[in-house]
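Here is the structure we will look at, set down as structure tokens.
The values are calculated or read from the model by the stated rules, or taken from the named source; none is laboratory data. All values reported here derive from a predicted model rather than from experimental measurement. Glycine also receives a Cβ, built like all others from the backbone with ideal geometry; neighbour counts cover every protein chain displayed. Accessible surface areas use protein heavy atoms only, side chains included; no ligands, DNA or RNA. Shrake-Rupley method; radii C 1.70, N 1.55, O 1.52, S 1.80 Å.
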Amino acid sequence: MRGIETSIAFRSPVAASAPTTMFARHGARFKISTRSHCQSRILLPQTRRVWPPLRQGFSSGTRTRATRDSAPISEPEFGSEPPPRREDAPQSLLSKALESALTTLASVVVLGVGFAATGYAYHKAYKHMQLKKIENAFEPGDPVLELAAVGKEIPSPPMPQHWVQREEQSKIDAIIDGSEKGHYYLIMGDKGCGKSSMLLEAMRKINGEGCAMFEAHSDLELFRIRLGKALDYEFHEDYIGGYFSERGPRDTTALLDIERALNKLEKVALRHRKRKNKPLILIINQTQLLRDDHDGRDLLELLQQRAEQWAASNLVTMIFNTDDYWILERFKQLATRMEIIPVGDLPKQQALSALQRYRYRYFKEVLEKKALEEIYDRVGGRLSFLNRVAKSHDMLGTCDSIMEIEKTWFLNQCWILGSEMDDDVMDQQKWASAAMVLAQALVDKEADMDKTYDPETGHVLPSFPMHEAQQIMTRADFIRELDRLNLFTITSTAQVRASSVPMHRAFKEICGKDGFRQFLEDTLQRIADIESLGRTRELVAKDLVLGGTYEISRAPDRSGKLEVTLKQKEEDGDDDDDKK
């Protein structure tokens, strides 16, 4: 083997590698000299090729012998085709199918494992994010507290000279900050007594830490959305995995969504108790807005079951705020850890102090005690009425206006029509006359009371126990609807009275009119006549022969049925024939 001395120039090992290879291969063929005074020498071996390849003769006598050493050295011409390569044996159909199947299976396995791992990671991350969002809903500084405070006209923070401190405030503060636990609470009181304001004030003192509050609604879907907003829970509405399931997490009812939200809240409450050793606070305001039907009762039962369970384990303290008595009736059936906090009108001295603060806040005016007492005598200690009067320039006129509004509301709902009413409105008149009878009974009882006004506590409104009120009305199903309409009030001790001092003044004015009692009696008599007519059945006998009679007798068996027999008078001719 001989070599061709070839020299190439390069600046660096990396930059010179490609030119070195090219010149080493083709430098001898094209007689290119690459030698220079600053070049390094590289000796490349020269391969000897035999072309065309040697073939062995088929003659038996002589053979063509050639050796690689004796064959001349020849280079393939430029542009000629390279020698053909030896091809592998063709694959069978079965091996090709097996190879395709294995490739496809491997691809599917890789994709499946990757998709499953990604989906599982997303699912776990989504669940973790849900719990973190609910935890964040109970962090301090919730803007919902500020919005609610503005809606209730409570400055944030309220100035001490403008805030009315009630006796129930200290207990509510202890409940909200987690000092009192192991129970759930039902706050009952008339509309405008200040129940929500006390809750907001207690939340403001701790900056809303560990508290969530939302308004109830009669529609379960809206209740679900408001609960989700308070807890920052989306009910899987943003869950991408729902696109890959035949039935998504949202293909359900609102009640099941509420149950899922409470399950998530329970997990967050467990973490919160481990960290801070106190329960979370969940406040449902205006619970009376739920309908007293099948869905509403199911929702109340669900919430009460959770409240009982969480109160026993000190996880969550639930607070229900209501104006109506029927919520207490529903809770009373299953209640073991429930406490009732009644909230009524302010006593006289606190009401006068509140009115003085309101007036000074709006007009910087200090009222005389006589003016304050006169206003209290007309509207009582209801905070909403006192606030409305304090904003007015004509305070006494506003007091009379409040009484007129209450009176108009009562008459529009319960006015009676007298003896000339049509029988088509009898059902509505039964309800209206029962309310008027109860109002008349309350006015009459006030006349028989020894004391209707106390110098220290203020007004003492007449009332009846609930069972006596139902007896007076002769109906047991009307009183709860009257309570919902804020015409009468059923207190936490089941006492029935007027809903407010202005409403009781309206009762006295209506029942004191000339001829009212007789008008009420005529209405009741007309209702009785219509009912009697409805219970009377008229029988008309036709085709009665002259002299014939009907015989009505009871059947001889014990069925109690009546038998009617027609008996006709016999003719004279028939009688003579019988004698002969």
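For region 167-223, what is the charge dipole size about the Cα centre, in debye to the nearest 20, if Lys and Arg each add +1 at the Cβ and Asp and Glu each add -1 at the Cβ?
Roughly 120 debye for region 167-223.
Given a 1.4 angstrom probe, what's the average accessible area per residue across region 425-480, in square angstrom?
48
Give the carbon-plus-sulfur fraction of the accessible surface of region 329-397 in %, rounded to a whole number; probe 1.4 Å, heavy atoms of protein chains only.
Ligands and nucleic acids excluded, carbon and sulfur reach 48 percent.
Using a 1.4 Å probe on the protein chains only, how many percent of the accessible area of region 275-327 belongs to carbon and sulfur?
39
Label Ile225 and Ala447 with points 7 Å out from Cα along Cα→Cβ: what is the distance between them in nm?
Spacing of the two 7 Å Cα→Cβ label points: 5.4 nm.
Give the accessible surface of region 245-391 per residue, rounded to a whole number of Å², with probe radius 1.4 Å and ligands, DNA and RNA excluded.
Here the per-residue accessible area is 46 Å².
Taking the Cα centre of region 328-450 as the origin, how large is its charge dipole in debye, to the nearest 20, when only Lys and Arg (+1) and Asp and Glu (-1) carry charge on their Cβ atoms?
1120
Over 26 Å between Cα atoms, which of Lys191/Lys348; Lys127/Lys229; Lys171/Lys264; Lys171/Lys267 qualify?
Flagged as over cut-off: Lys171/Lys264; Lys171/Lys267.
Which percent of the accessible area of region 443-554 is formed by carbon and sulfur heavy atoms (probe 1.4 angstrom)?
The C+S portion of the solvent-accessible surface of region 443-554 is 50 percent.
Only sites in a loop by DSSP and with at most 15 other Cβ atoms within 10 Å count here; which GluC sites (Glu not before Pro) in region 287-392 make the cut?
Loop-located and lightly packed - Glu365, Glu368.
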